[in-house]
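To start, the structure itself, in structure tokens.
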Amino acid sequence: MRGTLTRTVSPPRLPHIDVLRGFALLGICMVNAPVLAGVWTLTAGPAVPPWDRTATWLITALFTTKFYLLFAFLFGYSFVFQEAAAHDGVPFARRHARRLAGLFLLGLAHAVLLYPGDILMTYAVLGALLYVLRGLGTRALLYTAGALVLFLTAVFTVVGVLALSLDDPGQAADQLLVARQTSWYRGDAGAIVHANVAAYRQAFTGALLYGPHLFTAMLTGLAAGRRGWLDPARRTPKSPVCRRWLAVGLLIGLSGGVLTAMCSNGPFDARYYYLGQAMDILTAPLLSAAYATVLLSLLRGRRGPVIAAVLAPAGRMTLSHYLCQSAVLAFVFTGYGLARYGTVGPAALACGCVALWAAQLALSAGPLRRVRYGPAEVLLRRITGGRQAAPGPVSR
């Protein structure tokens, strides 16, 4: 009937999913911050302090790749609930297209203004492909994901073997490139935007290479959402499935992370880089699964309510926090603010990332505890569902 106001039924909040998202914010910050801070200008030469070499090595082994896979998995997992939700009779295809368009536009602004390694645009493109493949059965989704991982591993292995026949390119940075990059990022807003656009042209190639890896996590997440793999009622810390995932993830995932770090940051030289990436593609999903298994197991323990109270509020607004991390780091390290680009080593930066993440958790669980969504989530929901999707305060 014309003029009748229909009710929007949103997907239910899943606290354990929010906890995983809140935890993953730390890993994303650890991986993105070195790019925004210009750490590569300090770690390319031989005179690098041992604590900075150790920090770079550990970040590669424990953080790089693992957390964007976790977020992609949760993106696919949540797709099930987004599809099932009813929004004023608006077809899911239209809502999903609007959501992806909103993500793409936010990502474009993010890449140009703040961080050229933005992943939201990649999410938008892969989200459209996920919609196309949503009709596949659960097993077909998992087989497709597995085939993609094996294919990418084979490609990088072949490239890595070919690279072994080349001369060692060394680790010395191009001093002219370092000086130019530093000048841009310490300059005015126009120079920063110019630097970001130039950097994104290079990052785009990486998005094409690693996009399929991200998509495997989305496909796996979609299959997991259909089967309710993350439902706390179905998994207990002592269940055989949890123990198996934990053992395999830690044994193979950690071993793969260590080998990747050895190929990327030493003692192996730069010729082994692509072999390290092949190992990372193959084993990083297992370490991501181990992280998730440990956290979900902790939620079932005595400390579970405390962990949920700390992490879940931030997990409700991860998009806002993701953009906020870039804004804070850009203020500290570029000409938008303090212009400290290329002056802070990896170890100090890692400590700063932990402090920033802790502040985000404190704000989310404190002053923002009565806010259902962050500003970026509100904007995205308006783009997706119109004015009626605007959220109210959290009910108590």
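The values are calculated or read from the model by the stated rules, or taken from the named source; none is laboratory data. This one's a predicted model, so the numbers in the text were calculated from it and none came from an experiment. Positions of Cβ are backbone-derived with ideal geometry, glycine not excepted, and every protein chain shown enters the neighbour counts.
Before moving on, here are some points about what is shown:
- The set of residues in the range 362-380 that are assigned to a helix (DSSP H, G or I) and crowded, with 20+ Cβ neighbours inside 10 Å comprises 364, 376, 380.
- Just one residue in the set 31, 112, 35 is touching a residue at least 24 places away in the same chain (Cβ under 8 Å), among the β-branched types (Val, Ile, Thr), outside any loop (DSSP other than H, G, I, E, B) and touching a Pro at 6+ places or on another chain (Cβ under 8 Å); that residue is 35.
- Looking across the range 256-272, the residues that are surrounded by fewer than 19 Cβ atoms within 10 Å (Cβ to Cβ) and either at pLDDT 95 or above or part of a helix (DSSP H, G or I) (or both) come down to 258, 262, 270, 271.
- Test for residue 279: is it buried (at least 16 other Cβ atoms within 10 Å of the Cβ), touching a Leu at 6+ places or on another chain (Cβ under 8 Å) and at pLDDT below 95: no
- A single entry from 347, 339 fulfils the requirement of being surrounded by fewer than 20 Cβ atoms within 10 Å (Cβ to Cβ), in a loop (DSSP other than H, G, I, E, B) and touching a residue at least 24 places away in the same chain (Cβ under 8 Å): 339.
- Of all residues making up the range 184-202, the number that are surrounded by fewer than 18 Cβ atoms within 10 Å (Cβ to Cβ) and under 17 Å from residue 107 (Cα atoms): 6
- Taken over the range 49-73, the criterion of being without any contact (Cβ under 8 Å) to a residue 40 or more places away in the chain and either crowded, with 16+ Cβ neighbours inside 10 Å or in contact with a Phe, Trp or Tyr (Cβ under 9 Å, 6 or more places away or on another chain) (or both) is satisfied by 63 alone.
- For the range 325-336, the condition of being assigned to a loop (DSSP other than H, G, I, E, B), at pLDDT 95 or above and among the hydrophobic types (A, V, I, L, M, F, W, C) holds for none of the residues.
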